[in-house]
1. How many residues, within the range 201-219, are crowded, with 19+ Cβ neighbours inside 10 Å, touching a helix residue (DSSP H, G or I) at 6+ places or on another chain (Cβ under 9 Å) and within 15 Å of ILE120 (Cα to Cα)?
2. Anything in the range 1-41 that is in contact (Cβ under 8 Å) with a residue 40 or more places away in the chain and in contact with a Leu (Cβ under 8 Å, 6 or more places away or on another chain)? List them, or say none.
3. Give the range 225-256 a look and list any residue that's under 25 Å from SER155 (Cβ atoms) and in contact (Cβ under 8 Å) with a residue 12 or more places away in the chain, or say none.
4. Which condition from (1) modelled with pLDDT of 90 or more; (2) surrounded by fewer than 16 Cβ atoms within 10 Å (Cβ to Cβ); (3) within 26 Å of LEU307 (Cβ to Cβ) is the one that ARG12 breaks?
5. Checking SER135 against (1) in contact with a Ser or Thr (Cβ under 9 Å, 6 or more places away or on another chain); (2) hydroxyl-bearing (Ser, Thr, Tyr); (3) free of Cβ contacts under 8 Å to residues at least 12 places away in the same chain: exactly one of these is not met. Which one?
6. Name the residues in the range 16-40 that are outside any helix (DSSP H, G or I) and modelled with pLDDT under 90, would you?
7. Let me confirm something: among ASP44, ASP30, which residue is in contact with a Gly (Cβ under 9 Å, 6 or more places away or on another chain), assigned by TED's automatic domain parsing to the domain that holds GLY292 and either within 22 Å of GLY269 (Cβ to Cβ) or surrounded by 14 or more Cβ atoms within 10 Å (Cβ to Cβ) (or both)?
8. Scan (1) within 30 Å of SER49 (Cβ to Cβ); (2) without any contact (Cβ under 8 Å) to a residue 24 or more places away in the chain; (3) small (Gly, Ala, Ser) for the single condition SER155 breaks and write down its number.
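The values are calculated or read from the model by the stated rules, or taken from the named source; none is laboratory data. Predicted model only: the values in this text are computed from it and were never measured. When we count neighbours, we look across all protein chains shown, and the Cβ atoms used for this are built from the backbone with ideal geometry, even at glycine.
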Amino acid sequence: MANGTAAGMAPRAHLAIYQVCHRDGCNVSDILAGLDAGIKDGVDIFSISIGGGSALDQDLIAIGSFAAARKGIFVSCGAGNDGPDNFTLSNEAPWVLTVAASSIDRSFRASVKLPNGKVILGVSLDQPCNFTKNSLPLYYSTESRACDMDPPDDSHRGSIWVCEADGEFPKDVAAFIKSHGARALIFISPKVEATTILMTELNFLGIWLTSQDGSDLILYLISASNHSASIIFNGTTNLGISPSPVVAFFSSRGLSRTTSRILKPDISGPGLDIVTAWIPSSDTPEYAIKSGTSTSMPHLSGVAALLKPHTLLSHRQLSSRRS
């Protein structure tokens, strides 16, 4: 799905990792101790993937990072994943770089092809190499739009099920329809997600459609009889996806809770469907496709690592000229 060579933003940088969170959460005392340790060790950049909803005068990360900023340490933080509502921002301190999450011009493409030749584009993280390209019957129930009720009989076994988002986890929907003999899932994402669909691996054949494209498919289902479709898995499209970048729906928005004079987030970075180093519950390092401001923020921390040595050199040259 995302073959290639993995590389960091600043591959020659040295990393110092301070563990301040554990399986049961993050203690404020540990966070402050980690910041103190980093300042003492002489780090150049803090890349902090922790946030909360506290106002500025109650945010201990802001208070702790202020000491780092006073010593010239660049602090990069995630904006949080509580969007798209306003005033959901984390890390609103003016002395930190607050990073939102946006999409990139890569997509894991799949499409639904209707008998009339219409092709509806979608995305998928579960793409088999040998799924049939023939049309299969579609199953959609107006009484169970979210696919949360047992069908009245077994006549729809072997069909592609069309399910609308309604608060259920897509993985649970996939498991439910699989137990009823479905061949694949067409999942219509919530309207709030727009084009920034938040995918997860389903461990089942599935395609995600935007709310708008899903509405077009439902119109076909309601108007046609003996409806069917084929799912075509197109693999990875690496360039030219439009529109991009787009701020992801889940990325927290401003304004600052403290004062509207603080305009945040400062910038966005790649944070939707990004190939990341990942340590799952098994504690075995591997790679995964993840989304969130914890994914976008390290990109900007890396850019800062590339720029800061040149900034320091410029300051030294300026000081030398003045002396």
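1. 4
2. Within the range 1-41, MET1, MET9, ALA10 meet the criteria.
3. Let us first name the residues in the range 225-256 that are under 25 Å from SER155 (Cβ atoms), namely 225-231.
Result: ASN226, HIS227, SER228, ALA229, SER230, ILE231.
4. All conditions are met except number (1).
5. Checking SER135 against (1) in contact with a Ser or Thr (Cβ under 9 Å, 6 or more places away or on another chain); (2) hydroxyl-bearing (Ser, Thr, Tyr); (3) free of Cβ contacts under 8 Å to residues at least 12 places away in the same chain, the one that fails is (3).
6. Taking the range 16-40 and keeping what is outside any helix (DSSP H, G or I), we get 16-27.
Passing the criteria: CYS21, HIS22, ARG23, ASP24, GLY25, CYS26, ASN27.
7. Working: ASP30 fails: in contact with a Gly (Cβ under 9 Å, 6 or more places away or on another chain).
Just a single option satisfies the conditions, and that option is ASP44.
8. So SER155 meets the others, but not (1).
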